[in-house]
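The values are calculated or read from the model by the stated rules, or taken from the named source; none is laboratory data. Keep in mind that this is a model prediction, so the values were computed, not measured. Note that we place each Cβ from the backbone using ideal geometry, even for glycine, and neighbour counts take in every protein chain shown. These area figures cover heavy atoms from the full protein model, side chains too; ligands, DNA and RNA do not enter into them. Shrake-Rupley method; radii C 1.70, N 1.55, O 1.52, S 1.80 Å.
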Amino acid sequence: MSPAPTAIYLDHQATTPVDPRVLDVMLPWFSETFGNAHSEQHAWGRQAADAVDVAREQVAALIGATAREIVFTSGATESNNLAIKGAVRFAMRHGRGNHIVTVSTEHKCVLESCAAMADEGAEMTIVGVGPDGLVDPELVAAAITDHTVLVSVMAANNEIGVIQPLAELGALCRARGVLLHTDAAQAAGKVPLDVEAMQIDLLSISGHKMYAPKGIGALYTRRRPRARLLAEMSGGGQERGNRSGTLPVPMVVALGEASVVAVSEMSAEGTRLAGLRTRMLDRLRVDHGDMFVNGAMDRRVPGNLNVGFPGVDAEALMTALESVAISTGSACTSASVEPSYVLRALGLDDADAGASIRIGFGRFTTETEVDIAADMIAAAVGTQRSDSSVRAAE
Amino acid sequence: MDTYLDHNATTPVRPEVADAVVCALTQHGNASSVHRFGRLVRHTLDEARESVAVLVGVSPASIIFTSGGTEANNQALRDFDGHVLVSAVEHDSVLGAREDALVVDTDADGVVVLGHLRETLASCEGAALVSVMLANNETGALQPLRDVMRVAHEYGALVHCDAVQAAGKINVSFADLGVDMMSLSAHKLGGPQGVGALIVRDGLDPEPLLRGGGQERRRRAGTENVAGIAGFGAAARIALENLDWFAGLTKLRDDLESRLRAAVPDVVIHAIDAERLPNTSCIGLPGMTAEMQVMQLDLAGVAVSAGSACSSGKVAPSHVLQAMGQDDAAAQSAIRVSLGWNSDARDVDRFVDTWVTMAQRRGANADARRSVA
C-alpha cells in the first residue's frame, strides 16, 4: 500500500480524524491500565469501571443529561437501532401503541430500523421536508395518532447539515405523550444540545463524527419520564440491561474526552468553521455564479456545505479531484451511484442531485487548505464544463 | 497490582496489537468513502479480515465483524426461524438471546449430555439450531463439538459454536468442526475490547441485528470499528503463531492445581476430568465464598474472578456450576483463575502462596470461632 496520502480532507461528515488529545487519553487503557469494567471485584476491573464512570459523566455533560441516562453502544447505527426498535418493541409488547413518525431525510439506519418495525407489525408515517430541508413541526403534530409511540427526527442532516427544530418537536411530543428520538450523530459536539430544554427522550451519539474513534457511540435514554426499551443484545445485562456486552474501555474513555474537548471549544470552533465555509462559498461563486446551495444556510451545522453546479457530474468531479476528499452523498450509501434521496426530498431533480457535492470542514482544516481546495474544485468544475461544451460544439 | 490472572475476563493487548490499533486510529477515513482516505481504511480492514480468517480457517467473506462476542451470539440466534437449543453452561449472551431456547443438560464436568441433545432434537418439529460453546469461560471445559455435530446432523439441525474463549488459545478450525456459525471476540485473545466476529458458512444468511448502511455485505450496518478490527487482525495473527506456547500453559496450570491439592486437601477443581483449555482453572474452596476469596486475593494484589465478569456485579451462584450438579454453596465458593500471554511461574507462585495461606487460615478462623463459642 502506498504511504500516507497527502490530500486535503474535506469529508468530516463521513468521519473525523481522532483528536490527538483524545488519542493520548485512550491509549494507556489498551495495555498499562487495562481491565474489564465489569470485573469490579478486583483492582484492574475497578479502575476500568471508574474510568467508564468518568466518561459517562463527560458524555452526559455534552447534552445536559445525567450519567445514569447514558448507554454506551458501538456507534450511532446501533444507538438508532436500539432507540427505535427498542422503544417500539417495548410499546408493542405492552399494548401501548405501534406507530412511528419519522422524516424522509433521516439517515438510512433510522429509516431501515423503522422499516424493520413495520415488518414486525408497526405502522409508520414518513413526513417530508421543505425545499430548505427542514421539517415543519405542524406536519409532525398532524401525523401523531393515538397509537404513536415514537417520533424520530434527526438533529442535523448528514448530507446538508440542516438543524431540525428539536425544541418545538420536543414540546409537542411531550404534550402528546409521545417519545422523541433524535439521531444527533452529526450535531453532537458541533452545536449545543440540551435534552432538558429540548425535551428529548432518546438521543444518539457517534464517536467518530466528533473526533473519537469509530466503533463507539452512545444512546441517551431519559429516566424521568422514563423512556423504556427492549434490549437488542441480551447477555450479561450491562448498561442497566439496555445493552449487554463488555464495554470497550479505551473507546469509552475516548468518547468522554472528545465530549470534554467539544464542550470547551464548540463556540469558538463553530465560528471558525462558519468562516471557512463562507471562504469556500465565496471562492467557488467567483468562477461559478450559477452554483446553488442545498439546504438552509442559516440553520446548519457550521462545518457542512452542500452545493451543486448545474450540468456537472459530481461523481466524475470526485474522481477528478484526487487530492481533495469530498463526497457526493452520505458515505454509507456512496458505493451506490443512485442520486441522493436527501436531495431528492428537497425537490431536486436527478440532474441537480447528481450535480451536487458535500464539503465537510473540521477541527484541523486550515484556511490554506480551504483556499487550495476551493481553487481545485472551481478548476475541476470549469474543466468538466468546458469539456462538455467542446463535446456539445462537436 | 501485579498479578493478573483473569485473562478469560479480558486480556491486555499485546504491544504489537497496540501498534496496529494506534496506526489505524491515525488513519482518518470512512471505509465506505470512495476517496483515497476511504480506500486506505478499506485496505486495513481487508488485511485484518484475512488474519482473522486464517486463525479459524475460513474465507474472509464469511466473516461479519461485530461489536463483540455478545453481539455475534445474539445475531446468530435471535432471528433464527425455528427451535433453538442451547447447552446449560452457555454464556449469558447465548442463554439470553432467545427466551424460548430449549436447554440441553450437561454432566458433572459441564459437558453436553449427547443423549439429552438427541432427545431434545427428536422432540422438535421443523428447523432447529443448536448452540454449543467450544470452551467454557468459567471452567475451561471443552465440548465434544464433533459429537454434537454428528447428532445435530442426524436431525438436520444447524450448529452455532460460541468460540469466544477457545479461539487463539487452542487450534480452532471452522471447516474441521463443520459448524454453520461461530462467534469470536477480540479482547479474549489479545485484541481490543469492542470488536468481535460472527462467522457464517456460505449460503447461510442470519438476519442483521443492526440495520442501516450496507457495511459487511449488508449483514451488519454501522461504520466499521477500524482500529478495533485492525487490532483484532494483529491479535489473531500473533495468537496463531503462539498456539504452541499457549498449550504450554497447561503445565503451569496443572502445577498450580497440584500445589493447591497438596496444601488444601478439600479443594475442588471443577471439570478436572474434562478436556480443558490450557489456561483455566475453576477452584472451589468449601466453607468460603468466592466473593470472600476474590476480595482477599485482591487485597494481596492478585486478580482472579468469581464466575464470569459479565455478571460479577451481582454475585449470584454460577449457573455453570449449578448445571454441573453443584449445590448453591459449592456454586458460590468457586473462583476462576485464568492465565494469559503474559503470565509466568511467578504469577502462579504468588497466587498459590496467597490462596493457600487464606485457605489454611479459614480452618483456623473456624476453630477460633468454635473455641470462643
So the label point goes 7 Å from the Cα of B:VAL103 along Cα→C-beta, right? Which residues of segment B:325-344 then have their backbone N under 12 Å from it? B:325
Just tell me which lysines come within less than 17 Å, Cα to Cα, of B:LYS251; anything on the same chain fewer than 8 places away is out. B:LYS169
Lys and Arg at +1, Asp and Glu at -1: neighbours of B:ARG39 with Cβ under 12 Å from its Cβ sum to 0
Testing the spin-label approximation: label points 7 Å from Cα along Cα→Cβ at A:ASP136 and B:GLU119. State their distance in nm. 6.7
For chain A, with all protein chains present and a 1.4 Å probe, just round the carbon and sulfur fraction of the accessible area to a whole percent. 52
Checking the cross-link filter: which aspartates and glutamates have an alpha carbon closer than 14 Å to that of A:LYS209, excluding same-chain neighbours under 8 positions apart? A:ASP11, A:ASP19, A:GLU159, A:ASP183, A:GLU257, B:GLU224
Give me the one-decimal Kirkwood hydrodynamic radius in Å for segment B:161-304, with the sum taken over alpha-carbon pairs. 18.2
Which longest uninterrupted range of chain B lacks any GluC sites (Glu not before Pro) assigned by DSSP to a loop state (not H, G, I, E or B) and surrounded by at most 12 other Cβ atoms within 10 Å? B:126-373
How many Cβ atoms of partner chains, on average, are near each residue of B:11-21 if near means within 10 Å of its Cβ? 3
How far is it, in nm, from the label point at B:ASP79 to the one at B:GLU275 when both lie 7 Å from their Cα along the line to the Cβ? 3.5
What value, in deg cm²/dmol to 500, does the helix sum -39500 (n - 2.57) over DSSP H runs of n ≥ 4 give at 222 nm once divided by the residues of the protein assembly as shown? -12500 deg cm²/dmol
Row for chain B, column shape: gyration tensor on C-alpha, a ≥ b ≥ c, rounded if a/c < 1.5 i.e. under 1.5, prolate if a/b over b/c, else oblate; value oblate
Which order do B:HIS153, B:HIS160 take when ranked by solvent-accessible area (1.4 Å probe, heavy atoms of all protein chains), largest first? B:HIS153, B:HIS160
One quarter of the C-alpha convex hull surface, i.e. the mean projected area of the protein assembly as shown in nm², amounts to 34.9
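Would chain A count as rounded, prolate or oblate if I go by the C-alpha gyration tensor, calling it rounded below 1.5 in a/c and otherwise prolate when a/b exceeds b/c, oblate otherwise?
Taking the square roots of the gyration eigenvalues as a ≥ b ≥ c, chain A is oblate.
Between B:GLU291 and A:ARG240, what FRET efficiency comes out of the Förster formula 1/(1 + (r/R0)^6) with R0 = 22 Å and r the beta carbon distance, rounded to 0.05?
E(calc), rounded to 0.05, equals 0.50.
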To the nearest Å², the heavy-atom accessible area per residue of chain B with 1.4 Å probe amounts to 36
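Which of the GluC sites (Glu not before Pro) found in segment A:1-96 are loop residues per DSSP with 11 or fewer other Cβ atoms within 10 Å of their Cβ?
Loop-located and lightly packed - A:GLU32.
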If R0 is 25 Å, what FRET efficiency do you get for A:ALA167 and A:THR278 from their C-beta distance, rounded to 0.05? 0.40
Using a Gaussian network model of chain B with C-alpha springs under 10 Å, which one of B:ALA76, B:ALA330, B:ALA167 is most mobile by mean-square fluctuation? B:ALA330
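For segment B:215-266, would you read off the P(r) tail past 12 Å as a percentage of all alpha carbon pairs?
The answer is 76 percent, as a whole percent.
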Quickly work out the B:ALA262-to-A:ASP313 label distance, labels modelled 7 Å from Cα along the C-beta direction, and quote it in nm with one decimal. 8.0
Shape call, segment A:99-140: gyration tensor on alpha carbons, a/c limit 1.5: oblate
Tell me, what is the 1.4 Å probe accessible area of B:ASP298, in Å² to the nearest 10? 20
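Could you tell me the calculated FRET efficiency between B:ARG218 and A:SER267, based on Cβ-Cβ distance and R0 = 35 angstrom, to the nearest 0.05?
Numbers: r = 40 Å, r/R0 = 1.15.
Efficiency, rounded to the nearest 0.05: 0.30.
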Amide N proximity, segment A:242-275 versus A:ASP24 label position 7 Å along Cα-to-Cβ, cut-off under 20 Å: A:250-266, A:269
